[in-house]
Every structure is written in C-alpha cells, then in structure tokens.
Amino acid sequence: MTEDNPTPSGWPIARLLPALLVALVFVAMAPVIGIAWYAADSNQADAARDRRQLRLDLIARRLQTHLEPVRAQLTYLSQAIESGEIDFDNPEQWRSFALGALAAAPQAVGYLVYPVEGQPIRFIRADRSTSPEPRESVPQAADIMARARGMSGPAWAEPVWSIVVGEPILPLIVPIRVRGEFRGFIGAAIGTSDLSRFLKELDISGERKPFILVGRESVLAHPHLSEETGRAEQHDRRRLATLDEVNDPVLASMWAPDANPLPTITGEQPISGHWNWVGDRSFAWHYRSVDDYAPARLTIGSITKPAAKPPVRAGSFVAS
C-alpha cells in the first residue's frame with residue numbers, strides 16, 4: 001500500500017520571490033515618493049505665496065512712485081524758500097517755480113499756497129493757471145496751519161474728495177519758513193484716478209482683484225473706478241466709495257463674519273489673509289497696511305481663490 005505524499009503548504013518559491021521583490025521595491029521607493037510629493041506640495045505653496053507677495057509689492061511700488069515725486073518737489077520748494085533761492089514775497093517768481101514743480105510731478109493736480117497773512121493762491125497744473133483762493137474756502141485751514149507750524153518737512157493728510165479736482169485726492173502739506181520764520185504752508189493735491197487705472201492692468205477677471213483701501217470701509221483705488229461707469233458714480237457721490245459701491249460683491253464681503261484665517265506670510269512687511277464664502281463660492285483676501293503715509297491709513301490687497309480647496313459648504317455642492 002502506497003502512502004500519499006503530503007502537499008507542500010505556502011506559496012511556491014516561483015511566486016514568492018517576485019512578490020518579495022515588488023514589496024522590497026515599494027518599501028524602498030515609498031520614502032522617495034513621499035519626499036517628492038511633499039517637495040512638490042511645498043513648492044506649489046511657496047510659488048503661490050511668492051505670487052501674492054509679488055502682487056502686493058507691485059501695488060506698493062506703484063503707490064510709492066505715484067506719491068514720492070510730489071514729496072520730493074515740495075521738499076525742494078520749502079528748502080528753496082528757506083534758503084532764499086525763491087523770494088516768498090515775489091508773486092511772479094513764485095508762479096514760475098510752482099508751475100515748474102507741477103510740471104515735474106504730474107501726479108499733483110494742483111498746489112495751494114496758504115500764507116499766515118495775505119491772499120492764498122491756487123496753482124492748477126492742467127491749464128497752468130493761478131487764481132486767488134478765499135481763506136474761508138479752505139476746509140480746516142486753521143487746523144492745518146497749526147499742524148504745519150510744528151512740522152519740519154512734508155507730511156501727509158487723510159484722503160478726501162476734492163470738489164475742485166473732481167476725484168479723491170491724497171493731500172500733502174509742507175511748512176513755509178523764511179529765514180526761520182514760519183510764514184504758512186503749501187498743500188499739494190495728488191489725484192488718485194491713475195492708481196485705479198494701474199490696478200485695472202493687474203486685474204484678471206475671476207482670478208484676482210487688487211484694491212487700495214482707506215481704513216476698513218473706504219476705497220481709494222479699484223479697477224471699477226478706472227472705468228467710465230465707476231468714474232461717473234464716483235463723481236456723483238462726491239466722496240470716497242465704500243466697499244459695497246465699486247461693483248465688487250467679493251470686496252464688499254471682505255469683513256463678513258465667520259472668516260477663516262490664513263497663515264501670515266512673513267517677511268519685511270508681513271501679509272495677512274483670510275478666506276470666506278461669498279454665496280456658494282470661496283475667496284481669499286490677502287492684504288497689508290502701508291504706514292508710510294500716516295495719518296492716512298492705507299491698506300493694499302488682492303482678492304484671489306484660496307490656494308487650498310476649502311471644505312464644501314453645508315447645504316452646497318460647489319466650492320471653488
């Protein structure tokens with residue numbers, strides 16, 4: 001009687017060796033794949049952060065190149081008066097110097113020379129004209145005079161709507177001193193419509209929307225304000241637009257409750273950010289304060305889609 005041979009248990013060696021080889025290759029490659037995925041994800045996050053930083057840097061530099069030439073011209077005028085190069089009491093000499101300074105800084109739509117005593121004079125760049133200005137027609141002239149008396153150089157003021165210019169302006173004032181004696185101040189009116197036109201060039205519909213705010217609720221520059229409709233609306237308001245007056249429902253929702261904070265982008269000038277829902281779509285706001293023009297409280301920023309896809313909103317099937 002023949003005894004049956006027992007059947008070997010387990011996998012045949014011909015199957016086991018390839019399976020072990022595949023497993024070993026996977027174990028060896030898993031850290032490489034993980035590191036590569038992490039590096040790619042980090043690079044994508046870094047690239048997005050760099051783009052946001054660059055975008056706000058572009059706005060900040062454009063703001064600086066728009067405003068600083070006027071500051072330089074007013075500094076030159078005040079120093080020329082104090083040194084005697086310009087005779088403050090000679091109207092004809094004043095006219096040629098003031099209009100020349102306006103030509104060198106087209107961002108300034110006009111100058112106002114307001115002496116302690118005597119007739120204030122307004123200089124207009126557009127038609128190179130001069131005209132007397134009633135003292136009582138200059139808002140807060142007494143407060144500006146008191147502030148200028150204690151100043152040693154140019155200083156900014158809060159943005160206001162200018163009836164004369166027909167657009168929001170950023171005022172800049174500089175004290176006038178003749179041989180150390182305080183004689184008044186010069187005020188420059190810097191137009192802001194060019195800033196909105198620049199932001200229009202950065203605007204990509206559905207992708208990003210740049211802006212410049214005054215405080216939290218007023219808009220100094222926005223792509224909509226560069227368009228004919230926006231300019232007409234601004235002119236009819238005769239004041240700075242609010243967040244909900246620039247045909248931008250996303251900007252209007254910037255300070256809506258229940259916002260979700262985004263990590264601060266560190267650097268020389270940190271960038272803050274948050275994302276939130278506007279209807280069934282999500283958007284991210286990135287912004288930073290610009291303190292160089294205090295007391296004007298300026299904030300530059302940009303609206304984009306969040307870098308990371310947010311969770312689906314309750315009751316909604318779309319989150320973009």
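The values are calculated or read from the model by the stated rules, or taken from the named source; none is laboratory data. Computed from a predicted model, the values in this text were never measured in an experiment. Heads up, the Cβs are rebuilt from the backbone with ideal geometry, glycines too, and the neighbour counts pull from every protein chain shown.
For the range 237-247, check the following and say yes or no: at least one residue is surrounded by fewer than 19 Cβ atoms within 10 Å (Cβ to Cβ), assigned to a strand (DSSP E or B) and in contact (Cβ under 8 Å) with a residue 24 or more places away in the chain. Within the range 237-247, one or more residues are surrounded by fewer than 19 Cβ atoms within 10 Å (Cβ to Cβ), assigned to a strand (DSSP E or B) and in contact (Cβ under 8 Å) with a residue 24 or more places away in the chain.
Does the range 204-221 contain at least one residue that is of a type in the set (D, E, K, R), over 17 Å from V160 (Cα atoms) and part of a strand (DSSP E or B)? Scanning the range 204-221, I find at least one residue that is of a type in the set (D, E, K, R), over 17 Å from V160 (Cα atoms) and part of a strand (DSSP E or B), so the answer is yes.
Here the range 261-277 is the region considered, the condition is being surrounded by 11 or more Cβ atoms within 10 Å (Cβ to Cβ) and in a strand (DSSP E or B), and the residue that is modelled with the lowest pLDDT is I265. Screening L170 with (1) aliphatic (A, V, I, L, M); (2) outside the structural domain of P106 (by TED's automatic domain parsing); (3) over 27 Å from N276 (Cβ atoms) gives one miss only, at (2).
The residues on offer are R149, R122, and the sole one that is of a type in the set (D, E, K, R), closer than 23 Å to A104 by Cα and not assigned by TED's automatic domain parsing to the domain that holds A296 is R122.
When you look at I186, is it modelled with pLDDT of 95 or more and surrounded by 15 or more Cβ atoms within 10 Å (Cβ to Cβ), yes or no? Here the answer is no, as I186 does not meet what is asked. Taken as a whole, the condition of being more than 26 Å from L225 (Cα to Cα) and touching a Gly at 6+ places or on another chain (Cβ under 7 Å) applies to T75. Here V164, V138 are screened, and the one residue that is under 18 Å from A108 (Cα atoms) and surrounded by 16 or more Cβ atoms within 10 Å (Cβ to Cβ) is V138.
Residues checked against (1) in the same structural domain as Q234 (by TED's automatic domain parsing); (2) at pLDDT below 90; (3) more than 24 Å from L225 (Cβ to Cβ):
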{"site": "A256", "(1), (2), (3)": "yes, no, no"}
{"site": "A259", "(1), (2), (3)": "yes, no, yes"}
{"site": "S289", "(1), (2), (3)": "yes, no, no"}
{"site": "R297", "(1), (2), (3)": "yes, no, no"}
{"site": "S316", "(1), (2), (3)": "no, yes, yes"}
{"site": "S320", "(1), (2), (3)": "no, yes, yes"}
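Out of curiosity, is H286 in contact with a helix residue (DSSP H, G or I) (Cβ under 7 Å, 6 or more places away or on another chain) and in a strand (DSSP E or B)? Spelling it out, H286 is indeed in contact with a helix residue (DSSP H, G or I) (Cβ under 7 Å, 6 or more places away or on another chain) and in a strand (DSSP E or B). Quick one: in the range 227-236, of everything that is free of Cβ contacts under 8 Å to residues at least 12 places away in the same chain and among the acidic types (D, E), which residue is nearest to E158 (Cα to Cα)? The extreme case among them is D236.
Scanning for something in the same structural domain as P168 (by TED's automatic domain parsing) and not in a helix (DSSP H, G or I), does the range 77-85 turn up at least one residue? Yes, there is a match, as at least one residue in the range 77-85 is in the same structural domain as P168 (by TED's automatic domain parsing) and not in a helix (DSSP H, G or I).
Just one of the listed residues (E207, E133, E181) is of a type in the set (D, E), more than 19 Å from A296 (Cβ to Cβ), loosely packed, with under 14 Cβ neighbours inside 10 Å and at pLDDT below 90, and it is E207. Of all residues in the range 248-291, count the ones that are without any contact (Cβ under 8 Å) to a residue 60 or more places away in the chain and β-branched (V, I, T). Result for the range 248-291: 4. Of all residues in the range 59-83, those that are touching a residue at least 24 places away in the same chain (Cβ under 8 Å) have Cβ atoms under 7 Å from Cβ atoms of residues that are part of a helix (DSSP H, G or I) and surrounded by fewer than 22 Cβ atoms within 10 Å (Cβ to Cβ), 6 or more apart or on another chain, in R62/F198; H66/D194; Q73/A104; L77/F97. Taking residues in the range 165-179 that are over 20 Å from L213 (Cβ atoms), and partners anywhere that are aromatic (F, W, Y), the pairs with Cβ atoms closer than 7 Å and at least 6 places apart or on different chains are I173/F185; V174/F185; P175/F182; P175/F185; I176/F88; I176/F185; V178/F88. Quick check on Y38: is it loosely packed, with under 11 Cβ neighbours inside 10 Å and either closer than 30 Å to T304 by Cα or at pLDDT 90 or above (or both)? For Y38, the condition - loosely packed, with under 11 Cβ neighbours inside 10 Å and either closer than 30 Å to T304 by Cα or at pLDDT 90 or above (or both) - is met.
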